[in-house]
Amino acid sequence: MKLIAILFVFISIFTTSNKTEFIGTYHDYFGSTIVFNNDFTYYENSWQVCTVTSWTIGKWKRENDTIFITPTFVYDSLSYYDSTRSIKIDTLVLSYDEVANRITLKDYKEGVLTTESLGFQNDYQKPFKLLIKGPRLYHILPNGKIDKTKKIPFSQDKYKPTYYFKDGTVKKY
């Protein structure tokens, strides 16, 4: 009986550590960063152009060598008065930060114009999958194949691979 209990504990520890060994921060050659947290959440920050970035948060789960990513939208509740119809309107708008708030039309307009809004929530979010291969994460295309394409990053002249590499690993390809 003791042998079975010890074996069970050993297998549980090995399985758990194997499923979470990839947790940490990853980058790609195009200015994007994705952070996987122990609580099954993730944060992604993607560089768009100049100083403008977009961010995404959500949940992840791992099955074998595949990470399944499910983005989550964060909304603010926007309240304003429509004088043409003489009614108060409540609507949802994508939040500029990671916390849902109740905001006014003035707050919303100011948010669009502030430097904080240079980091906006990605409004084109869809679930996707990543393949774990050592310190690299490869996108899995909708047809199930691994994305091994190379592209030229903005303001560079050399083709680079599209995978993510773990923080602190050598950036070879």
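Odds and ends about this structure:
- Of all residue pairs spaced 6 or more apart or on separate chains, those with beta-carbon atoms under 9 Å, a first member in region 125-145 that is under 12 Å from Tyr26 (Cα atoms) and a second member that is small (Gly, Ala, Ser) are Pro135/Gly168.
- Selected residue (criterion: modelled with the highest pLDDT) from residues of region 122-166 that are under 16 Å from Glu44 (Cβ atoms) and loosely packed, with under 12 Cβ neighbours inside 10 Å: Pro127
- Test: residue in region 62-78 that is assigned to a loop (DSSP other than H, G, I, E, B), touching a strand residue (DSSP E or B) at 6+ places or on another chain (Cβ under 8 Å) and exposed (fewer than 15 other Cβ atoms within 10 Å of the Cβ): yes
Every residue, every condition in (1) surrounded by 14 or more Cβ atoms within 10 Å (Cβ to Cβ); (2) under 11 Å from the mean Cα position of the chain (by Cα), yes or no:
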| site | (1), (2) |
| --- | --- |
| Ile23 | yes, no |
| Phe30 | yes, no |
| Ile34 | yes, yes |
| Thr41 | no, yes |
| Glu44 | yes, yes |
| Trp47 | yes, no |
| Ile57 | yes, yes |
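The values are calculated or read from the model by the stated rules, or taken from the named source; none is laboratory data. Note that the structure is predicted; figures quoted are calculated from it, not measured. Reconstructed Cβ throughout: ideal geometry from the backbone, glycine too, with neighbour counts over all protein chains shown.
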